[in-house]
Amino acid sequence: MAYVIGVDCGTSGTKTVLFDESGSVIASKTIEYPMYQPKNGYAEQEPADWADAMIGTIKAVMSASGVDRRDVKGIGISGQMHGLVMLDAENRVLRRSIIWCDQRTAAEVAEMNEKLGEKKLIEITANPALTGWTAAKILWVKNNEPEIYEKCRHILLPKDYLRFILTGEYATEVSDASGMQLLDVANRCWSEEVCNALGIDMSMLGRVYESCEVTGGLTKKMADELGLCEGTIVVGGAGDNAAAAIGTGVCEDGKAFTTIGTSGVVFAHTSNISIDPKGRVHTCCAAVPGAWHVMGVTQGAGLSLKWFRDNFCNAEKETAGYMGVDEYYLMDKEAMTVPVGANRLLYLPYLMGERTPHLDPDARGVFFGLSAMHTKKDMLRAVLEGVSYSLRDCVEVFREMNINVSDMMACGGGGTSPLWRSMLADLYGCPVKTAASKEGPALGVALLALTGAGVYSSVPEACHAVVKTDKIQQPVAENVPEYEKYYQLYREIYPALKDKFAALAKL
């Protein structure tokens, strides 16, 4: 039996899972670490914390499993995207990593647009200049910490720093590199034009691989420490969302997934590159060689429901405690008693501004149509429906881009709600499924490692062999036209309020 290790370097902790070749979990371990916020809007982490967590979790799963080290055929690494790791000539980390949610780079985004132009940036990197992405962070260090930038010889992403620790190789892969804003996404290579315009030395960037390609092998020192064999392969791996796609079987045209966490993501696979000229969705290289993915983001998805729970659902929390169930389960049951359309009440989930499709940081949440007849249950149903409408907005942009979405997986906390899955199926007009495995990114990079090790001949073959469906929610025929009426009205509310949101922000 062949075994592989999937390492998922997240923001709150690193989770490592040892799988067999059929995708069964043999052992799993998570180690957490802090995030530092030295100023408002800043977010940083210590790369050494990631390395210690990876080493600790790999040792733990090997020790717990009793698996022979010779049977471990490869390692795949998934990671939080966009983080900046800078090394000097002696491979010492020069400063804490500025991570994905850091927002200090507004001036650098303006600089990128000035030097390259918004249109050119989208043409080459497939995305508009963004504060959270890596290129703007490199410029920030260059502008604000020139003495550190002078010493920099290597620029890596979080998971690629872990690869360096394991193999000594300076390398990345296409899915994660797409989130740096230095990659020519259509041609899957660094963009000389972008790097030259921004004054970034390309020699500092790692070699770019496909996600299932072998990027190096374990050094003797690391193999001895981890209880593995020297030369055990480490494949490219993937950024967290691209890895989750493989872990849920989203590896072919027509396949997509929706994640409802704090934010909501709709992610679709495409074998032809498609870039939204308005920058409403992200286009990146997929973890499947020669393919891409598009990703729409709604900021206040699960956040809207959590906000409603925390402010209005103390009774449900108390009752759930007595019953030994989750309060969200009770909230679901209450919302089910309200008809489609929440008795003519609509909710706009823009508590934190909105990305897809409006790109408007000033947008805010709205209950539209509130009357004296409405109860808490109506408002709860309206929140669930409003988030579903905002996710449908993402799918509408995909359709404008000629990207087919006909097979949808649901992940994240919201994906466990049967009512929410039913709403999505009715609004997307296609079945919404859940995966049998909940390992997501760790399973995804394990499948990439199995492909790199030759256990499977391709990424889609690995997905077909391993990823299994748990539940399937079909659209309910009579609900579809009802939701459509409310969705079309929902789409008209934001344009009518756009100027008023801007005015409110200035008060």
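The values are calculated or read from the model by the stated rules, or taken from the named source; none is laboratory data. Since we're looking at a predicted model, the values are computed, not measured. Ideal geometry is used to build each Cβ from the backbone, glycine not excepted, and the neighbour counts take in all protein chains shown.
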Practice item. State whether one or more residues within the range 324-332 are under 29 Å from ASP499 (Cβ atoms) and more than 19 Å from the chain's Cα centre (by Cα). Key: no
Review point. Going by the structure shown, is LYS137 surrounded by 21 or more Cβ atoms within 10 Å (Cβ to Cβ), in a helix (DSSP H, G or I) and among the basic types (Lys, Arg)?
Key: yes
Practice item. Only residues in the range 159-176 that are within 12 Å of PRO47 (Cβ to Cβ) count as the first member; pair them with residues that are crowded, with 24+ Cβ neighbours inside 10 Å and charged (D, E, K, R), Cβ under 8 angstrom, at least 6 apart or cross-chain, and list the lot. Key: LYS159/ASP176; ASP160/ASP176
Check your understanding: Residues in the range 380-400: is at least one over 21 Å from the mean Cα position of the chain (by Cα), surrounded by fewer than 18 Cβ atoms within 10 Å (Cβ to Cβ), at negative phi and not charged (D, E, K, R)?
Key -> no
Point to revise | Tabulated pairs, the range 84-109, first in contact (Cβ under 8 Å) with a residue 40 or more places away in the chain and assigned by TED's automatic domain parsing to the domain that holds THR172, second of a type in the set (Val, Ile, Thr) and part of a loop (DSSP other than H, G, I, E, B), C-beta under 6 angstrom, 6+ apart or interchain | key: GLN103/THR131
Review point. In the range 431-468, which residues are modelled with pLDDT of 95 or more, among the hydrophobic types (A, V, I, L, M, F, W, C) and touching a strand residue (DSSP E or B) at 6+ places or on another chain (Cβ under 8 Å)?
Key: VAL432, ALA442, LEU443, VAL445, ALA446, LEU447, LEU448, ALA449, LEU450, ALA453, VAL455, VAL467
Practice item. Pick out the one residue from ALA129, ALA106 that is crowded, with 21+ Cβ neighbours inside 10 Å and small (Gly, Ala, Ser). Key: ALA129
**Study point:** Residue among GLU173, GLU192 that is over 24 Å from ASP52 (Cα atoms) and acidic (Asp, Glu)
**Key:** GLU192
**Study point:** Unique match (being among the aliphatic types (A, V, I, L, M), more than 27 Å from ASN113 (Cβ to Cβ) and in the same structural domain as CYS284 (by TED's automatic domain parsing)) among ALA171, ALA238, ALA256
**Key:** ALA256
Exercise for review: Kindly check whether there is at least one residue in the range 278-286 that is assigned to a strand (DSSP E or B), at pLDDT below 95 and touching a Phe, Trp or Tyr at 6+ places or on another chain (Cβ under 7 Å).
Suggested key: no
Review point. Which of the residues that make up the range 144-189 are acidic (Asp, Glu) and either under 14 Å from GLY237 (Cα atoms) or touching a strand residue (DSSP E or B) at 6+ places or on another chain (Cβ under 8 Å) (or both)?
Key: ASP160, GLU169, GLU173, ASP176, ASP184
Check your understanding: Looking only at residues in the range 49-101 that are part of a helix (DSSP H, G or I) and in contact with an Asp or Glu (Cβ under 8 Å, 6 or more places away or on another chain), which one is farthest from TRP133 (Cα to Cα)?
Key -> LYS59
Study note, to complete from the structure: Within the range 461-507, residues part of a helix (DSSP H, G or I), surrounded by fewer than 13 Cβ atoms within 10 Å (Cβ to Cβ) and polar (S, T, N, Q) come out as GLN488
Practice item. Being in contact with a Leu (Cβ under 9 Å, 6 or more places away or on another chain), within 19 Å of TYR490 (Cα to Cα) and surrounded by fewer than 23 Cβ atoms within 10 Å (Cβ to Cβ) is the filter here, so list the residues in the range 330-344 that pass it. Key: VAL338
Check your understanding: What single numbered condition from (1) in contact (Cβ under 8 Å) with a residue 12 or more places away in the chain; (2) over 20 Å from PHE267 (Cα atoms); (3) charged (D, E, K, R) fails to hold for ARG392?
Key -> (2)
Check your understanding: Are any residues in the range 380-434 polar (S, T, N, Q) and within 11 Å of ILE260 (Cβ to Cβ), and if so, which ones?
Key -> SER388, SER390, THR416, SER417
Practice item. Mind telling me which of the residues GLY66, GLY23 ends up being more than 20 Å from the chain's Cα centre (by Cα) and modelled with pLDDT under 95? Key: GLY66
Exercise for review: Considering every residue within the range 330-343, establish whether at least one is of a type outside the set (Asp, Glu) and closer than 30 Å to ALA126 by Cα.
Suggested key: no
Exercise for review: May I ask you to list the residues in the range 491-500 that are closer than 20 Å to LEU345 by Cβ and in contact (Cβ under 8 Å) with a residue 12 or more places away in the chain?
Suggested key: ARG491, ILE493, TYR494, LEU497
Review point. In the range 11-48, how many residues are part of a helix (DSSP H, G or I) and in contact with a helix residue (DSSP H, G or I) (Cβ under 7 Å, 6 or more places away or on another chain)?
Key: 1
**Study point:** Scope the range 159-191; condition crowded, with 24+ Cβ neighbours inside 10 Å, touching a Ser or Thr at 6+ places or on another chain (Cβ under 7 Å) and part of a strand (DSSP E or B); matching residues
**Key:** GLU173, LEU183
